[in-house]
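Structure, as structure tokens:
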Amino acid sequence: MKRTFFSLILMICGLVLSLLATAFYLFNYKEPLEGFDQTLQMQTVSNQGNQLTATFIGTSTLLFSDGDSAIMIDGFFTRPTIKTLLWKPIQPDIPLIKSSLKRLNITQLKSVIVAHSHHDHAMDAPIVAQLTGATLFGSGSTANIARASGLAETQIEVVGAKRTLSFGQFKVTMIKSKHTPVPAAMAWLTGHGKDISQPLPPKPRLTDFKEGGSYAVHIKHPLGNILVQASGGYISGLLEPYQADVVFLGVAGLSKQSEQFKHDYFKETLHAVGAIKVIPIHWDNFMRPIGKALVPAHPLIDNIEQSITDLADYMHDNEKGSLIMMQAWDTITLY
Ligand SMILES: [Zn+2]
């Protein structure tokens, strides 16, 4: 009896220790992804006009410029840690946003386009709009995040199912699509398929940033077209009417989907628009600051290496285009 009791205590201690070790590992994981050094065709450029450049700043934060006009997708810089996300209110780090915009040499933006209202897309966007004079475009939920942050109503535009916007030579179409499917617990935590129906409370928590509908963003420009698919979801046939040589493709959560889903996702995005250059986005661990370099999501949470391999295989078999990896702050000439 005594022996069984001690065995039980030992088992519980062992279980607690392994849980603690796993938690420690998850909180401290910072290794770069193996095999992720296959960066291709990278170049640092300053836009002198007559070329279309893209700068990647992690998750699906992107800056597009043709030398005359600049537009930003999402504008997420704060990247709260997992501890903050779980236990504290989450708020934009304004000095960090200011220094990031300075690093990007941005004083003015025509627009900030928000892919959806989760914190890793929308939480900093109103501050970016405020600091750059941009108009913020997004769902009604994104508008409610912006209102809470004090952005002027004149700088907030709600987009419905589809809307085309003009900024200089850019013609941007936001098309309501779908978010990546997520497990039930995550769906609850992140308000999957739910809206933010009133301005956020003064000290918002992670659970306040509900999805609010997700957009695919098509960018038409005389130099060439681009698709930004921030979240790994699709609606059959939705993107067929659009053409884009370059696709920025969200891969977060893709490793948790079935082989069929992944194939259909690639087909409904890359094949639909006729992509010849694909740049994966939303592969980084957005609970860590950008620092010198992005690190991929933890493999136990999301196996990015597998998703990139699946994407490369699909492209090899079907599209024959090039796959380009970008690190944070990299600028590439697209056209
Ligand atoms: Zn999301």
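When Gly75, Gly67 are checked against the criterion of being within 16 Å of the ligand (Cβ to nearest atom) and either in contact with a helix residue (DSSP H, G or I) (Cβ under 6 Å, 6 or more places away or on another chain) or on the phi > 0 side of the Ramachandran plot (or both), Gly75 stands alone in meeting it. In segment 306-325 there is no residue that is within 26 Å of Asp93 (Cβ to Cβ) and either free of Cβ contacts under 8 Å to residues at least 40 places away in the same chain or crowded, with 18+ Cβ neighbours inside 10 Å (or both).
When Ile279, Ile235, Ile301 are checked against the criterion of being open to solvent by 50 Å² or more (accessible area, probe 1.4 Å) and closer than 22 Å to Tyr215 by Cβ, a single residue qualifies: Ile235.
In segment 206-217, the residue that is farthest from the ligand (Cβ to nearest atom) out of those that are open to solvent by 10 Å² or more (accessible area, probe 1.4 Å) and of a type outside the set (D, E, K, R) is Thr207.
Taken over segment 89-104, the criterion of being part of a loop (DSSP other than H, G, I, E, B) and in contact (Cβ under 8 Å) with a residue 40 or more places away in the chain is satisfied by Pro89, Ile90, Gln91, Pro92, Leu104. Of the residues Ile279, Ile308, only one is out of contact with any Ser or Thr (no Cβ under 8 Å at 6 or more places or on another chain) and assigned to a strand (DSSP E or B); which? The conditions single out Ile279. Summed over segment 89-122, residues that are within 16 Å of the ligand (Cβ to nearest atom), open to solvent by 10 Å² or more (accessible area, probe 1.4 Å) and of a type in the set (S, T, N, Q) total 0. Contact annotation: residue pairs with Cβ atoms under 7 Å, 6 or more positions apart or on different chains, pairing a residue in segment 173-186 that is under 8 Å from Tyr215 (Cα atoms) and open to solvent by 50 Å² or more (accessible area, probe 1.4 Å) with a partner that is more than 13 Å from the ligand (Cβ to nearest atom) and in a strand (DSSP E or B), are Lys176/Lys162. Taken together, Met326, Met315, Met287 contain a single residue that is out of contact with any Asp or Glu (no Cβ under 7 Å at 6 or more places or on another chain), in a loop (DSSP other than H, G, I, E, B) and either under 29 Å from Phe170 (Cα atoms) or among the charged types (D, E, K, R) (or both), which is Met326.
Could we say that Pro222 is at pLDDT below 95, open to solvent by 10 Å² or more (accessible area, probe 1.4 Å) and away from the ligand (no atom under 16 Å from the Cβ) here? So Pro222 does not fit the description; no. Does Ser166 satisfy the criteria of being within 28 Å of Gln51 (Cβ to Cβ) and part of a helix (DSSP H, G or I)? No; evaluated as a whole, the condition is false for this residue. The conditions of being within 16 Å of the ligand (Cβ to nearest atom), touching a helix residue (DSSP H, G or I) at 6+ places or on another chain (Cβ under 7 Å) and either open to solvent by 60 Å² or more (accessible area, probe 1.4 Å) or in contact (Cβ under 8 Å) with a residue 24 or more places away in the chain (or both) are not met by Ser139. Here the condition is being in contact with a helix residue (DSSP H, G or I) (Cβ under 9 Å, 6 or more places away or on another chain) and either within 16 Å of the ligand (Cβ to nearest atom) or within 30 Å of Ala152 (Cβ to Cβ) (or both); of Phe266, Phe286, it holds for Phe286 alone.
The values are calculated or read from the model by the stated rules, or taken from the named source; none is laboratory data. Because the structure is predicted, anything quoted here is derived from the model rather than measured. Neighbour counts are summed over all protein chains in view; Cβ atoms, including those assigned to glycine, are modelled from backbone coordinates with ideal geometry. To get the accessible areas, we keep the full protein, side chains included, count just its heavy atoms, and leave off ligands, DNA and RNA. Shrake-Rupley method; radii C 1.70, N 1.55, O 1.52, S 1.80 Å.
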